[in-house]
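Right, one structure below, let's go through it.
The values are calculated or read from the model by the stated rules, or taken from the named source; none is laboratory data. All values derive from a computational prediction rather than experimental measurement. Methodologically, a virtual Cβ is constructed for each residue, glycine included, from the backbone with ideal geometry; neighbour enumeration extends over all protein chains shown. The area values use the complete protein model at the heavy-atom level, side chains included, leaving out ligands, DNA and RNA. Shrake-Rupley method; radii C 1.70, N 1.55, O 1.52, S 1.80 Å.
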Amino acid sequence: MTLDATAGCARYVVRDTVRGDHGAIPGHFPGQPVVPAVVILERVQSALAAWNGEARIVHIEHAKFMHVLRPDQAFTITLAREDDAHLRFECTDDDGTRVAAGKCIVQGLAL
């Protein structure tokens with residue numbers, strides 16, 4: 001994860017790239033590789049840990065994956081705190097296209 005982050009009391013933004021040599025890429029899909037949804041969610045959790053090391057996702061209320069993310073394609077993860085237990089996330093590519101978005105229940109979100 002490449003961190004180029006801005007932090008505020010209720011929002012965190014970080015840039016990221018999933019490298020083409022990531023272990024999950026070869027099977028998704030040969031000849032037309034994509035970053036699997038589970039890897040995107042892993043990066044959301046990593047962004048949360050960078051923002052607040054004590055916090056962790058305990059449940060994903062909903063997540064939607066709207067656009068393909070390719071290996072080595074930069075994207076932005078935005079985390080927005082709703083309250084002490086709820087966090088919204090959005091992942092966008094450099095054109096501003098939404099790649100993924102959702103809402104999580106988070107434990108230990110002390111901001």
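Can you find a residue that is under 11 Å from the mean Cα position of the chain (by Cα) and over 14 Å from Arg11 (Cβ atoms) anywhere in region 68-79? Yes; the residues of region 68-79 include at least one that is under 11 Å from the mean Cα position of the chain (by Cα) and over 14 Å from Arg11 (Cβ atoms).
So, Leu111, is that one in contact with a Cys (Cβ under 9 Å, 6 or more places away or on another chain), modelled with pLDDT under 95 and open to solvent by 40 Å² or more (accessible area, probe 1.4 Å) or not? So Leu111 passes the test.
Strands (runs of 3 or more DSSP E) fully within region 1-102 that include at least 3 residues being open to solvent by less than 50 Å² (accessible area, probe 1.4 Å): 11-17, 74-81, 86-93.
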